[in-house]
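The values are calculated or read from the model by the stated rules, or taken from the named source; none is laboratory data. Keep in mind the model is a prediction, meaning the values are calculated, not measured. Reconstructed Cβ throughout: ideal geometry from the backbone, glycine too, with neighbour counts over all protein chains shown.
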Amino acid sequence: MKKKIFKENLTSKLLQKHSLNIVIKLKNKNICEIGCGNGNISNYLIKNSKKVNFFHLSDISSFAVEYAQKKIRNKNVKFKTGDLFKPWGDEKFDIVISDVSSLSQTIAEKSPWYQGVDSDCGKDGLKNVKKILKNLNHNLKKNGIFIIPLISLSNTDKLRNMLKSKFKIFKETEKIYWPIPIFFRQNIDEFNKLLKKKVIYFENKFGQYIAYTSVAICIKIK
Ligand SMILES: C[S@@+](CC[C@H](N)C(=O)[O-])C[C@H]1O[C@@H](n2cnc3c(N)ncnc32)[C@H](O)[C@@H]1O
């Protein structure tokens, strides 16, 4: 069991913002966040939406879940520890937010972000996402909404196609570009190979490596 808690980052903030645009209009809905880490996304939604919804937060890390549980003291929030949807059994949700680790494992292993944090995502970063999409048939209600980040240090073209073929409605927010920290330059030969094979995407602008994140909002499983 890994013992560090992921630090809130740009992706967390984009998920907060775009999920709130949806959640703010709702009441009495069941919302599930998997890969909740320190709970910042649901905490933001709870603090900024006026109506009552019921939150279900889980993460594979018991350290993260315990931390989130201490931080969010609210009777409408349930916490569980475990792999993807396993903790939730047969429960069905109106909204699922996934922020489960989903970077190319080649990058995650070299990055500071995942030191001490669970990540087992395969070269394309989509190993967890593929399992989650299968589980949604069971755990997402018929007209439910699925929210997930598209991070260009994974295979976003493949993920976009997977989401478009699974959902009736697929919307993608604007891409926000961000500078990749120094570890990237130190391993650039390996990452250039992934770029060439279109497994990941990044740019080199004026000597700075840049990736992007957007958020996919997907409605109704086909
Ligand atoms: C990118 S972090 C996001 C954490 C949090 N949402 C945030 O914004 O800081 C990914 C999270 O997924 C969790 N995770 C990794 N593998 C998982 C799995 N198989 N099932 C559930 N959670 C997992 C990690 O422990 C980590 O907390």
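A few remarks follow.
- The numbered conditions (1) closer than 18 Å to SER58 by Cβ; (2) crowded, with 20+ Cβ neighbours inside 10 Å; (3) acidic (Asp, Glu) are all true for ASP120 except (2).
- Test result for ASN204, polar (S, T, N, Q), surrounded by fewer than 15 Cβ atoms within 10 Å (Cβ to Cβ) and under 20 Å from SER111 (Cα atoms): yes
- LYS47 meets each of the listed conditions (1) in contact with a strand residue (DSSP E or B) (Cβ under 8 Å, 6 or more places away or on another chain); (2) under 18 Å from LYS13 (Cβ atoms); (3) of a type in the set (Lys, Arg) apart from (1).
- The range 123-155 - residue that is modelled with pLDDT of 95 or more, away from the ligand (no atom under 13 Å from the Cβ) and among the charged types (D, E, K, R) and, of those, surrounded by the most Cβ atoms within 10 Å (Cβ to Cβ): ASP124
- Matching entry among VAL100, VAL117 (being touching a residue at least 60 places away in the same chain (Cβ under 8 Å), part of a loop (DSSP other than H, G, I, E, B), closer than 30 Å to TYR209 by Cβ and touching a strand residue (DSSP E or B) at 6+ places or on another chain (Cβ under 7 Å)): VAL100
- Single residue of the range 3-28 satisfying the filter (among the charged types (D, E, K, R) and either in contact with a helix residue (DSSP H, G or I) (Cβ under 8 Å, 6 or more places away or on another chain) or part of a strand (DSSP E or B) (or both)) that is modelled with the highest pLDDT: GLU8
- Candidate set from the range 23-58 (those that are surrounded by 21 or more Cβ atoms within 10 Å (Cβ to Cβ) and among the aliphatic types (A, V, I, L, M)); member that is farthest from LYS80 (Cα to Cα): VAL23
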